[in-house]
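One structure is given below, encoded as structure tokens.
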Amino acid sequence: MKYLVMVQGTQADYDAMSGRPSDGSPAWTEDDVQAMYAFMQRVNDDLTTSGEMVDGQGLAAPARTRFVTAGEDGRPVITDNPYGETDVLLAGYWVLDCDSLDRVTAIAARIAQCPVPAGSPDYPVVIRPIMDGAEDI
């Protein structure tokens, strides 16, 4: 079965990774950033070797987000900002093809161990099964 495994973040987290701290998001050093990238590369390499990796990408900062909704007149309403009802957005994802929910949960638990500076926010790693048909609803 295929699963979408998601990690979350805020604009403040992206700013912190660029060395600009804020309340609750301490500045990352270059070593912190490199440790995170090295960790994620090992995860990706292992998932590729095991044949479970379908796709995985990190996403650009929330400040580069665009929302498109339908206006009352049916015309699109475009908002160039990252925040709808929450400031926590998708920061990256993997599409994995795993034998079981237990296996993808073990992978998510590993991802949750990604090194971050002390005091950084802690977000859950979210797992969503990818529907294979209407019977999966």
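The figures follow:
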{"quantity": "Candidate set: the stretch 54-82, residues that are within 14 Å of the chain's Cα centre (by Cα) and among the small types (Gly, Ala, Ser); chosen: the one surrounded by the fewest Cβ atoms within 10 Å (Cβ to Cβ)", "calculated": "Ala60"}
{"quantity": "Residues (within 18 Å of Arg110 (Cα to Cα) and touching a Lys or Arg at 6+ places or on another chain (Cβ under 9 Å)) located in the stretch 1-38", "calculated": "Tyr3, Leu4, Val5, Met6"}
{"quantity": "Any hit, the stretch 17-33, residues being under 30 Å from Gly133 (Cβ atoms), surrounded by 15 or more Cβ atoms within 10 Å (Cβ to Cβ) and either at pLDDT 95 or above or touching a strand residue (DSSP E or B) at 6+ places or on another chain (Cβ under 9 Å) (or both)", "calculated": "no"}
{"quantity": "Number of positions in the stretch 38-67 that are over 17 Å from Ala112 (Cβ atoms) and of a type in the set (Gly, Ala, Ser)", "calculated": "5"}
{"quantity": "The stretch 19-34, residues that are on the phi < 0 side of the Ramachandran plot and over 17 Å from the mean Cα position of the chain (by Cα)", "calculated": "Arg20, Pro21, Ser22, Asp23, Pro26, Ala27, Trp28, Thr29, Glu30, Asp31, Asp32, Gln34"}
{"quantity": "Residue list for the stretch 90-131, restricted to those being at pLDDT below 95 and charged (D, E, K, R)", "calculated": "Asp122"}
{"quantity": "Residue match in the stretch 38-47 (condition: surrounded by 15 or more Cβ atoms within 10 Å (Cβ to Cβ), within 15 Å of the chain's Cα centre (by Cα), touching a residue at least 60 places away in the same chain (Cβ under 8 Å) and within 27 Å of Met131 (Cβ to Cβ))", "calculated": "yes"}
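The values are calculated or read from the model by the stated rules, or taken from the named source; none is laboratory data. In this text the structure is predicted, and so the values were computed from the model without any measurement. In this analysis, Cβ positions are derived from the backbone assuming ideal geometry, glycine residues included, and neighbour counts consider all displayed protein chains.
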